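**Student:** Dropping a structure here in structure tokens format, bear with me for questions.
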Amino acid sequence: MSEKIAPADTCVLVTGGAGFIGSHTVVELLSGGYKVVVVDDLSNASRKVFDRIKTIVGDDAAANLTFYEADVNDRPALTKIFDEHHPDRVIHFAGFKAVGESVSKPIEYYSNNIGNTLTLVDVMREHGCKSIIFSSSATVYGDPDSLPLTEESPKKMATNPYGWTKWMIEQILTDLHTADPEWNVVLLRYFNPIGAHPSGLMGEDPKGIPNNLVPYVAQTAIGKRDAVHVFGNDYDTPDGTGVRDYIHVVDLATGHVAALAWMNGRQGVEIFNLGTGTGTSVLQIIEAFSKACGHEIPYVIEARRPGDVTANYADCSKARDLMGWEAKFNIEDMCRDSWNWQSHNPNGYEG
Ligand code: UFG
């Protein structure tokens, strides 16, 4: 049984804490009174996010934040950080996440995502820290047989190396608990995180051309892109376009704080879906974003994107019943906050 500790006495090491979901989670952790150590190599994030975090949480809470610019796969660096801080819990976000890129760079994806996880859990074990929350993904459900998806829905073959890394890391962490039941593992399966901090100070800052729908819509709304490319309108959905369960990044962040509280004093492996339970189509997103930004957003219909599923959305009753967590923001809120971020920071953190 892992020891039960109060937030003020809990040091949480957050890998990838400068990234989109990581940074929003760090804000919620600091606001919840936790001590936070971020390890991020800034390969897909900006150091400037830390000033924004400080502005949001205030000086007192920000005093509980330490940042190390390091690769999680750099064992000597990670060991030094563990020696110094003795983290009680780890939230593991760090990883490459571009689905298309993973197809052309499988070695980089497997080596980075799986390699850094193996290094991390080994260093954790050496330091007697056996509590980990892992950023998994609804991608492990593949093309669903039925909706909504519960945690009991079968895992399917992944369609790309990125998806396989999520799939395999879930298995690795589960095997770790089988070998040593003292491990306390929470696998959080995210649906589609969008939105931004309501303050307009933090949001998604993709490098280059966005792969995901909402960042692309946001850049089209601001005039950086000519039109949204809608990947297929012949799916078996009400308007023919793909349906996803979009979740506000702040809701996702509070889901991690709920998971930390829930796992406190436990051991085992538990899986939770983090979504809203509502499916929204590509055209509905474009419409909601048009309302948020106050003008029409141009779009063109294109061929389907290989590997995309028709529809997925979550049953989130397990997270509600066990952790007392529920998403609070709707699609209008998500588009409003994305637009607020995009319009005030047209070039992201470097703007
Ligand atoms: N889409 C477009 N045009 C675009 C981008 C996307 O029409 O320019 C469509 C897609 O076809 C899909 C929907 O918008 O129907 C959402 O696509 P995203 O790329 O935003 O998100 P995905 O559902 O493909 O993938 C996301 C995460 C993955 C994760 C997966 C889990 O990006 O990391 O959800 O289901 F694995």
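**Student:** Please verify whether residue 350 is farther than 27 Å from residue 98 by Cβ, open to solvent by 20 Å² or more (accessible area, probe 1.4 Å) and among the charged types (D, E, K, R), treating the condition exactly as stated. Talk me through it step by step, then tell me what you get.
**Tutor:** Details: farther than 27 Å from residue 98 by Cβ: no; open to solvent by 20 Å² or more (accessible area, probe 1.4 Å): yes; among the charged types (D, E, K, R): yes.
The answer is no for residue 350.
**Student:** Let me ask you something else. Quick one: is residue 165 open to solvent by 10 Å² or more (accessible area, probe 1.4 Å), within 16 Å of the ligand (Cβ to nearest atom) and β-branched (Val, Ile, Thr)?
**Tutor:** On the way: open to solvent by 10 Å² or more (accessible area, probe 1.4 Å): no; within 16 Å of the ligand (Cβ to nearest atom): yes; β-branched (Val, Ile, Thr): yes.
No, not satisfied.
**Student:** Within segment 190-215, can you find the residues that are more than 16 Å from the ligand (Cβ to nearest atom) and surrounded by 23 or more Cβ atoms within 10 Å (Cβ to Cβ)?
**Tutor:** Looking only at segment 190-215, we keep the residues that are more than 16 Å from the ligand (Cβ to nearest atom), and these are 197-202.
Once the filter is applied, which keeps residues that are more than 16 Å from the ligand (Cβ to nearest atom) and surrounded by 23 or more Cβ atoms within 10 Å (Cβ to Cβ), segment 190-215 yields only 202.
**Student:** Sticking with this one: Condition first: more than 16 Å from residue 308 (Cα to Cα) and aromatic (Phe, Trp, Tyr). Can you find one or more residues in segment 211-220 that meet it?
**Tutor:** Scanning segment 211-220, I find at least one residue that is more than 16 Å from residue 308 (Cα to Cα) and aromatic (Phe, Trp, Tyr), so the answer is yes.
**Student:** Also, I was wondering about something else. Could you say whether any residue in segment 65-77 is of a type in the set (S, T, N, Q) and open to solvent by 30 Å² or more (accessible area, probe 1.4 Å)?
**Tutor:** yes
**Student:** While we're looking at this one, here's another question. Taking residue 247, is it of a type in the set (Val, Ile, Thr) and more than 11 Å from the ligand (Cβ to nearest atom)?
**Tutor:** Taking the combined requirement at face value, the residue does not satisfy it.
**Student:** Shifting gears a bit: Name every residue in segment 147-162 that is open to solvent by 70 Å² or more (accessible area, probe 1.4 Å) and either of a type in the set (Ser, Thr, Tyr) or within 12 Å of residue 136 (Cα to Cα) (or both), in order of residue number.
**Tutor:** Residue satisfying the conditions is 159 alone.
**Student:** Could I ask something else about it? For segment 125-144, which positions are over 23 Å from residue 43 (Cα atoms) and either away from the ligand (no atom under 14 Å from the Cβ) or open to solvent by less than 10 Å² (accessible area, probe 1.4 Å) (or both)?
**Tutor:** If the condition is that a residue be over 23 Å from residue 43 (Cα atoms) and either away from the ligand (no atom under 14 Å from the Cβ) or open to solvent by less than 10 Å² (accessible area, probe 1.4 Å) (or both), then 125, 126, 127, 128, 129, 130, 131, 138, 140, 141 are the ones that fit.
**Student:** Moving on. Does segment 175-189 contain at least one residue that is within 16 Å of the ligand (Cβ to nearest atom) and open to solvent by 40 Å² or more (accessible area, probe 1.4 Å)?
**Tutor:** So in segment 175-189, the residues within 16 Å of the ligand (Cβ to nearest atom) come out as 187-189.
Remaining after also requiring open to solvent by 40 Å² or more (accessible area, probe 1.4 Å): none.
No, every residue in segment 175-189 fails to be within 16 Å of the ligand (Cβ to nearest atom) and open to solvent by 40 Å² or more (accessible area, probe 1.4 Å).
**Student:** Now a separate question. Can you tell me which residue is modelled with the lowest pLDDT among those in segment 3-32 that are within 12 Å of residue 260 (Cα to Cα) and open to solvent by 10 Å² or more (accessible area, probe 1.4 Å)?
**Tutor:** So the residue we want is 4.
**Student:** Continuing with this model, one more query. Within segment 139-147, is there a residue that is in a loop (DSSP other than H, G, I, E, B) and touching an Asp or Glu at 6+ places or on another chain (Cβ under 9 Å)? Break it down stepwise before answering.
**Tutor:** Residues of segment 139-147 in a loop (DSSP other than H, G, I, E, B): 142-147.
Those still in the list that are touching an Asp or Glu at 6+ places or on another chain (Cβ under 9 Å) too: 147.
There is at least one residue in segment 139-147 that is in a loop (DSSP other than H, G, I, E, B) and touching an Asp or Glu at 6+ places or on another chain (Cβ under 9 Å).
**Student:** Same structure again: Counting only residues that are in contact with a strand residue (DSSP E or B) (Cβ under 7 Å, 6 or more places away or on another chain), give me the helices (runs of 4 or more DSSP H) lying completely in segment 57-116 with at least 1 of them.
**Tutor:** Working: elements: 59-62, 75-85, 99-104, 106-109.
Ranges flagged: 75-85.
**Student:** Could you grab me the full set of residues in segment 216-237 that are near the ligand (Cβ under 9 Å from one of its atoms) and in contact with a Lys or Arg (Cβ under 7 Å, 6 or more places away or on another chain)?
**Tutor:** 216, 231, 232
**Student:** Turning to a different aspect of this structure: Any residue in segment 21-28 that is in a loop (DSSP other than H, G, I, E, B) and aliphatic (A, V, I, L, M)?
**Tutor:** Of all residues in segment 21-28, those in a loop (DSSP other than H, G, I, E, B) come to none.
No, that holds for no residue.
**Student:** Test residue 240 against the stated conditions and say whether it is over 18 Å from residue 339 (Cα atoms) and surrounded by fewer than 18 Cβ atoms within 10 Å (Cβ to Cβ). Working first, answer last.
**Tutor:** Working: over 18 Å from residue 339 (Cα atoms): yes; surrounded by fewer than 18 Cβ atoms within 10 Å (Cβ to Cβ): yes.
For residue 240, the condition - over 18 Å from residue 339 (Cα atoms) and surrounded by fewer than 18 Cβ atoms within 10 Å (Cβ to Cβ) - is met.
**Student:** Which of the residues belonging to segment 278-311 are more than 19 Å from residue 338 (Cα to Cα) and open to solvent by 30 Å² or more (accessible area, probe 1.4 Å)? Spell out how you get there, then give the answer.
**Tutor:** Narrowing segment 278-311 to residues more than 19 Å from residue 338 (Cα to Cα): 300-311.
Result: 300, 301, 302, 303, 304, 305, 306, 307, 308, 310.
This table checks each residue for (1) touching a residue at least 60 places away in the same chain (Cβ under 8 Å); (2) within 16 Å of the ligand (Cβ to nearest atom).
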position	(1), (2)
266	yes, no
269	yes, no
274	yes, yes
279	yes, yes
282	yes, yes
288	no, yes
294	no, no
336	no, no
345	yes, no
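The values are calculated or read from the model by the stated rules, or taken from the named source; none is laboratory data. Note that the structure is a prediction, hence the values are computed from the model and not measured. FYI the Cβ positions are ideal-geometry reconstructions off the backbone, even for glycines, and counts take in every protein chain you see. Just so you know, the surface numbers come from the protein's heavy atoms only, side chains and all, with ligands and any DNA or RNA stripped out. Shrake-Rupley method; radii C 1.70, N 1.55, O 1.52, S 1.80 Å.
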